[in-house]
């Protein structure tokens with residue numbers, strides 16, 4: 001098990017309709033430069049769920065091997081959720097400041113479980129701005145959507 005070195009996760013979600021068919025994609029870059037691409041899709045989902053699932057699936061793949069993870073996402077929903085909102089949600093028994101149940105609670109809890117054993121740095125990057133990692137993650141997420149229509 002290699003617990004030295006940082007790993008990068010470049011994540012994205014896509015949805016054709018919201019809700020509608022959706023996909024998630026993650027490009028993993030290992031410290032030695034090795035790259036692994038993952039993607040998947042769901043028939044009736046939302047873009048926010050796909051953004052969260054991309055991060056979760058990437059972390060599931062690397063969580064047993066690496067402790068330091070840099071996560072790059074163009075989702076302000078994911079960034080704000082993990083850097084601003086989640087601690088209050090937990091304190092309020094997964095309720096928002098308005099007292100409503102947090103949307104996508106199942107995925108937020110899963111994401112929180114995934115980051116317990118690693119040091120995560122969160123980076124928001126602007127989507128569709130010619131950043132290679134984001135462009136690849138976007139293509140993977142769209143491949144996830146397309147995979148739903150293959151017979």
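All of the numbers you see were taken from the coordinates with simple rules; none came from a lab. These numbers were taken from a predicted model, which means no experiment stands behind them. Cβ sites come from the backbone with ideal geometry, for glycine too, and all protein chains shown count toward neighbours.
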Problem set entry | Cα gyration tensor shape for the chain, rounded if a/c is under 1.5, else prolate or oblate | oblate
Seminar exercise, completed: With Cα springs under 10 Å, the Gaussian network model of the chain assigns the largest mean-square fluctuation among 98, 14, 54 to 98
Exercise. Of 75, 110, 129, which has the largest mean-square fluctuation in a 10 Å C-alpha GNM of the chain?
Worked result: 129
For this session: Using packing as a proxy for protection, rank 101-108, 138-145 so that the peptide with the highest average count of other Cβ atoms within 10 Å comes first.
Result: 138-145, 101-108
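How do 90, 34 line up, fewest other C-beta atoms within 10 Å first?
On the way: 90 14, 34 9.
Taking fewest neighbouring Cβ atoms as first place, the list is 34, 90.
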Seminar exercise, completed: Here the relative contact order (percent) of the range 37-151, from C-alpha pairs under 8 Å and at least 6 apart, is 45
For this session: For a footprinting-style exposure proxy, rank 73, 46, 96, 11 by other Cβ within 10 Å, fewest first.
Result: 96, 46, 73, 11
